[in-house]
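Take a look at the structure set out below.
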Amino acid sequence: MEKHDRGSTGSPGAGTIQPVRVLSAPEVYSEVQRSADFREVRSRYRRFAFPAVAGFLLWYLAYVVTATAAPGLMARPVAGALNVAMLAGLAQFVTTFLLTWAYARHARLYRDQAALELRWAVTLETRQEQICRERTRQKQAGQEQTHPGEPRCGARPVRTRSERV
């Protein structure tokens, strides 16, 4: 879909109408996936998630292998009826909750703000595309109406923080 935007007064073609392309929703999402901001959010996620999952799986496998290979060690009493196997099993639960807390903290501190900015940019761009499509349909039907506060068709797309610089 192609829209038009008036050139700025300082440009060589001042006053001429220049086409500005409004991206469709799939194109917006593809553009976001190629953006540096999206790659940074994904990179931050991977830098936390992969080591955390690997560590937890190793800890779990160590528990299972020890329980299978060394039942005498796991049956050793620690305090009363509490043995090493029960302590290790309870430690698995504690580790799960600690990992969940660490994941939520990492997301809040290192990813959420950037992800929200990307989501906002995508929402604005897809909303603009929907409005322009509706206006085109109304224009063809002879029912065009403008509403204050709506984006102009053909306006420059919203860019993420790194693209604005």
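The values are calculated or read from the model by the stated rules, or taken from the named source; none is laboratory data. Computed from a prediction, not measured in an experiment: that's the story for all the values here. Note that we place each Cβ from the backbone using ideal geometry, even for glycine, and neighbour counts take in every protein chain shown. In case anyone asks, the SASA skips ligands and DNA or RNA and just uses the protein heavy atoms, side chains included. Shrake-Rupley method; radii C 1.70, N 1.55, O 1.52, S 1.80 Å.
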note = For region 46-110, shape from the Cα gyration tensor axes a ≥ b ≥ c, cut at a/c of 1.5 then a/b versus b/c, turns out oblate
remark   = Share of accessible surface on carbon and sulfur in region 26-85, whole %, 1.4 Å probe and ligands ignored, is 67 percent
ask   = Modelled label-to-label distance, L124 and A79, 7 Å Cα→beta-carbon offset: nm?
value = 5.7 nm
remark   = Under a 1.4 Å probe, counting only protein heavy atoms, T100 has an accessible area in Å², nearest 10, of 80 Å²
message = Students often check this: by mean Cβ neighbours within 10 Å, which of 81-88, 46-53 ranks highest, and how do the rest follow?
response = 81-88, 46-53
